[in-house]
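Inspection log for the structure reproduced underneath, given as structure tokens.
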Amino acid sequence: MEYEVIKELSQSEKSMVHLIREKGGGESFVRKILKGRHEIYQVLQGCPHPYLPKLYEVTVSDESTTVIEEYIEGEIPDGQVLSDRQLRRMIKELCTVLEFLHGKGIIHRDIKPSHVLLAGDGHIRLIDFDAARMPKNDLERDTRLLGTKGYAPPEQYGFAQTDERADIFALGVTLKQLLGDRAEKKTYKRIIKKCTKLDPDKRYQSARQVRQAFSQRERVVCCGALALFLAVLLGCMTLPHLKHKEDSAESAKLQVLPAPGNPRWDGESGCGLWTNVEESGIPGTDNVKYKWMLCRKDTADPPALEDDIWERQGDMNGNFWEEVDGVPTFELNLSMELWENGFYYFAVAAMGDGVSYADSPYVISDAFEYTGEDAPPLPVPEDLAWKMADLGEGWVFFATWGNMDDYEDTDSFNVTVYDKNGEYVTNNIWDKGYIVENGYEGVRIRPEFLMNKDNKYRFTVQVQSSRPNEYHSSPMPEPIPEEYYSPWYCY
């Protein structure tokens, strides 16, 4: 194919980049002529991914490397104008493409904001692999010291051979730049701090772990949606009575909620249990919210709340509890949050509404020894289908699947519903024991979430393992493949 140059995009001692097009006015491409051999582009040509530019031609010689790649009409993301939701999605996509590359043995080695484009389709593209390499078993350190000052970790300057943890360091610095002032939020700050540890062994060990850390914050938002709605509703009802007392309410001493009782791990299930707190920030209900933290240790000696080791945190609506040995008890499956072998502790506190109640103190659980880092995943739910049933209170919707027998009663199913635009609608989590005990075929989805005119809905199911030392939770790739979705339900 013959090309003509439209314009020069950049030029340096090491490279020359042009915007070109097919002769006769056809499609536009980017042509890069790089000094020396860059065989990594030949590897990348055989590894297509939706968050990478397409590579059409790669020619490598001893003197130079020529690459013809997709022209991305996009811009460098501006964290100041993007919403929290847009930023989380972009960060999640960046982690996803790094997971893919690292799985192929490819280290980018130059992650920074200017190498992340937000394309016209709303998704990112990770560009510029001029510094990329694949680790070699016979080398103790990198032979080509490439990368960008301020983003590259110490080992990239010849102290050791770089691996995927070098990209984790640069990812942390990049996230700090993209998040701007939001990087000072406690959750984000903790993630960035762990990414950028000078010792590679103390960083997150994979992009997947970083994605999970950010995804947990997203799940927290989903779980707290109903509580937020109720809090807003309460605020609307009481605002006229409270407005003239804003100053005094600000300084009033609130009643501190009782701490949850007996926090402990439920045997080997990876589930945390604690006694439900009956008092509530919404008087007359048992709709308490809880916040939790999770840490990992190499030894079983208990941590302290002030220790800087609490890696993950979240909150959830505590309006569902059940009797355990006659005691009202709340349960949270934490198996998806366990990232490497070791001893895990969680800390939990009841959350007040800030009007009548203040948060309770945190209380710390016993130890859970996790040894299932290399355990196989549970099977993926198959034959997903919508079903309706009349339970005597009108027709209700159930998300169902065909291989229920593959799971234990304590395994739980996280059903997430999406609309026709791929936007999150709602989710619900039930364990198999509850489903079987009540004679249901799957997880109930409240009908009010499925009745938006001219819309359609489908769901995914991820099984959360209750046997983390034997099985991981079932996989849920990002982006989610079509075969992981149910058929559409059209309202």
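Each reported figure results from applying straightforward, stated rules to the coordinates on display, with no laboratory input. These figures come from a predicted structure and were not determined experimentally. Cβ: placed from backbone, ideal geometry, glycine included. Neighbour counts: every protein chain shown.
Once both labels are positioned 7 Å from their Cα atoms along Cα-to-Cβ, the gap between Tyr3 and Lys186 label points is 5.2 nm. Applying D = kT/(6 pi eta Rh) to region 385-490, where Rh is the Kirkwood radius over alpha-carbon pairs, T corresponds to 10 °C and eta to 1.306 mPa s, the Stokes-Einstein value obtained is 110 µm²/s.
Within the straight-line cut-off of under 19 Å between alpha carbons, the aspartates and glutamates reachable from Lys197 are Asp110, Glu155, Asp163, Glu164, Asp167, Glu184, Asp298, Asp307, Asp308, Glu311, Glu340, sequence neighbours fewer than 8 places apart in one chain being disregarded.
With r defined as the distance between the Cβ atoms of Val43 and Lys14 and R0 fixed at 22 Å, what FRET efficiency is calculated, to the nearest 0.05? Given R0 = 22 Å and the Cβ-Cβ separation, E is 0.65. In terms of packing, defined here as the mean over residues of other Cβ atoms within 10 angstrom, the peptides 204-211, 461-468, 102-109, 293-300 line up highest first as 461-468, 204-211, 102-109, 293-300. What the Cβ-Cβ distance of Asp383 and Arg88 gives, at R0 = 30 Å and to the nearest 0.05, is a FRET efficiency of 0.40.
Compared with the dominant principal axis of the Cα atoms in the chain, helix 225-242 is inclined by about 60°.
Separation of region 414-434 and region 53-93, taken as the distance between their Cα centroids, equals 32 angstrom. Placing +1 on each Lys and Arg Cβ and -1 on each Asp and Glu Cβ, with no other charges, gives region 263-422 a dipole about its Cα centre of roughly 560 debye.
Two numbers describe the Cα atoms of the chain: Rg and Dmax, which are 25.6, 80 Å. With the simple spin-label model, which puts each label point 7 Å out from Cα in the Cβ direction, the Glu478 to Lys456 separation comes to 2.7 nm.
Rounded to the nearest 20, the Cβ-based charge dipole of region 3-70 about its Cα centre (Lys and Arg +1, Asp and Glu -1) stands at 100 debye.
Convex hull of alpha carbon positions in region 3-70: directionally averaged projected area 4.8 nm². Taking the longest Cα principal axis of the chain as reference, the axis of helix 164-179 is set at about 70 degrees.
In debye, nearest 20: dipole of the chain around its Cα centre with unit charges on the Cβ of K, R (+) and D, E (-)? Taking the Cα centre of the chain as origin, the dipole is about 1820 debye.
Among Arg444, Arg203, sorting on how many other beta-carbon atoms sit within 10 Å of each Cβ, with the fewest leading, yields Arg444, Arg203. Once the C-beta distance of Asp121 and Phe449 is scaled by a Förster radius of 30 Å, the resulting FRET efficiency is 0.65 to the nearest 0.05. Among the listed pairs Lys32/Lys104; Lys387/Lys432; Lys92/Lys456; Lys189/Lys456, a Cα-Cα separation exceeding 27 Å is found for Lys189/Lys456.
When each of Trp401, Trp265 is scored by the number of other beta-carbon atoms lying within 10 Å, the sequence from fewest to most is Trp265, Trp401.
How large is the convex hull of the C-alpha atoms of region 327-462 per residue, in Å³?
Enclosed volume per residue, from the Cα hull, is 201 Å³.
Ranked for footprinting exposure by Cβ neighbours inside 10 Å, fewest first, Phe29, Phe346, Phe449 give Phe449, Phe29, Phe346.
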